[in-house]
1. Please compute the modelled spin-label separation between residue 139 and residue 45, points set 7 Å along Cα→Cβ, answer in nm with one decimal.
2. List the extent of the Cα atoms of the range 154-214 along each of their three principal axes, largest first, rounded to whole Å.
3. Express in whole angstrom the spacing between the alpha-carbon centres of the range 189-239 and the range 66-81.
4. Estimate the FRET efficiency between residue 56 and residue 180 by the formula 1/(1 + (r/R0)^6), using the beta-carbon distance for r and 30 Å for R0, to the nearest 0.05.
5. Using the alpha-carbon atoms, what tilt in degrees (0 to 90, nearest 10) does helix 36-52 show relative to the longest principal axis of the chain?
6. Work out, step by step, the length gained on full extension between residue 121 and residue 203: first 0.36 nm times the residue separation, then minus their alpha carbon distance; give nm to one decimal.
7. Per residue, what volume in Å³ does the Cα convex hull of the range 35-236 take up?
8. Tell me whether the range 127-176 comes out rounded, prolate or oblate; compute the Cα gyration tensor, take square roots of the eigenvalues as a ≥ b ≥ c, and use a/c under 1.5 as the rounded threshold.
């Protein structure tokens, strides 16, 4: 991999990140960030804008999410945003599809250009998992995705299958179905946050937490983390 190409990839990532942040914050009134009514105005404007152009905005989100994830972007902010913009059901659908595709694009790029580097950096750290994944790559990678990656940063989760040369079809399907629980929970939190801002007159962290649309998905998230711990102990800590 030439230094010029690496520089190009890095510059492209920074440019997209800058444009995204500029688009988000260019219309933000910094002086009103402490005013809850300002967030209510933003929420109302977003609802009107999205509902008037739902298909177009779904397409924009779809394209951006693919590019963002393929350039090593974090997944969690996208899930909250998709929940806020499109609600828990539509937000879950668009985020699962787009992020699964984005992860596949990143895996394909990484496998083609950076396979030696990835193996050099990650192989020793994840050596005990490699033989396990090779036994049944779809099942174990699905479980791995379902368990939230067991604490591994999202972009590393997406590159990990390079170590055992996973088939792209298995990669996409295991990611798609494994993402659904945690993506649904996170989108539900985003949708709940949107509803709270719409209905509340004043901000209260206690009232926010006690809102059913917030505390129920949080409890679901805690349950999923407990299940992830059990899965880790059962499938990944004992590889004999």
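Where a number appears in this text, it was derived from the coordinates with a stated rule and is not lab data. Everything numeric here is computed off the predicted structure, so don't read it as measured data. Quick reminder, even Gly has a Cβ in these numbers, built from the backbone with ideal geometry, and neighbours come from all protein chains shown.
1. Those two pseudo-labels are separated by 5.3 nm.
2. 53, 18, 15
3. Using only Cα atoms, the two centres lie 19 Å from each other.
4. 0.75
5. With rounding to tens, the tilt is 70 degrees.
6. Extending this stretch completely gives an extra 25.0 nm.
7. 121
8. It is rounded, given that a/c, with a ≥ b ≥ c, falls under 1.5.
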